[in-house]
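Take a look at the structure set out below.
The values are calculated or read from the model by the stated rules, or taken from the named source; none is laboratory data. Just so you know, these numbers come straight off a predicted model, no measurement behind them. Cβ atoms come from the backbone with ideal geometry, glycine included; neighbour counts cover every protein chain shown.
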Amino acid sequence: MPPSLAPPSLTPPSLTGLRNTVKRQAKAALPPLLFLALAGYFAWNATRGDLGLRAYAAREQDLARAETARAQAAEDVATWQRRVAALRPEHLDADVIDERARAMLNLADPADIVVPYGGLGPVF
């Protein structure tokens, strides 16, 4: 067939080559872009996700507060255990109870000798 009778091409040869070049470059760029997107997803979750660095720091702060509260509770328990142990019959002393009651009520026995100590505040 003579060249003049050949069907005309729908696209000029320069556009066909350009289209093939773009397709080839897009195919070459797709795997690195997918890898970068996947790496970005994991990096975001590593810092801001439920198990990321920020959540870890928040859990560490919660743990420190809980340990402080536990130490305070253990101290309170020890204080109350000492107080309760002092109330057991084998530890009670009538003179100590009488002295403590008088000190708390700010009373004195008529037979007690009172020594004034000035206005500097309580001695005990």
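Hey, does the range 17-34 have a residue that's at pLDDT below 90 and exposed (fewer than 10 other Cβ atoms within 10 Å of the Cβ)? Within the range 17-34, not a single residue is at pLDDT below 90 and exposed (fewer than 10 other Cβ atoms within 10 Å of the Cβ).
Within the set 94, 111, 66, the sole residue that is among the small types (Gly, Ala, Ser) and surrounded by 10 or more Cβ atoms within 10 Å (Cβ to Cβ) turns out to be 66. Among the residues of the range 29-88, those identified as small (Gly, Ala, Ser) and either within 30 Å of residue 100 (Cα to Cα) or not in a helix (DSSP H, G or I) (or both) are 49, 52, 71, 73, 74, 78, 85, 86. Every test in (1) of a type outside the set (Val, Ile, Thr); (2) surrounded by 10 or more Cβ atoms within 10 Å (Cβ to Cβ); (3) modelled with pLDDT of 85 or more is passed by residue 103 save one, and that test is (3).
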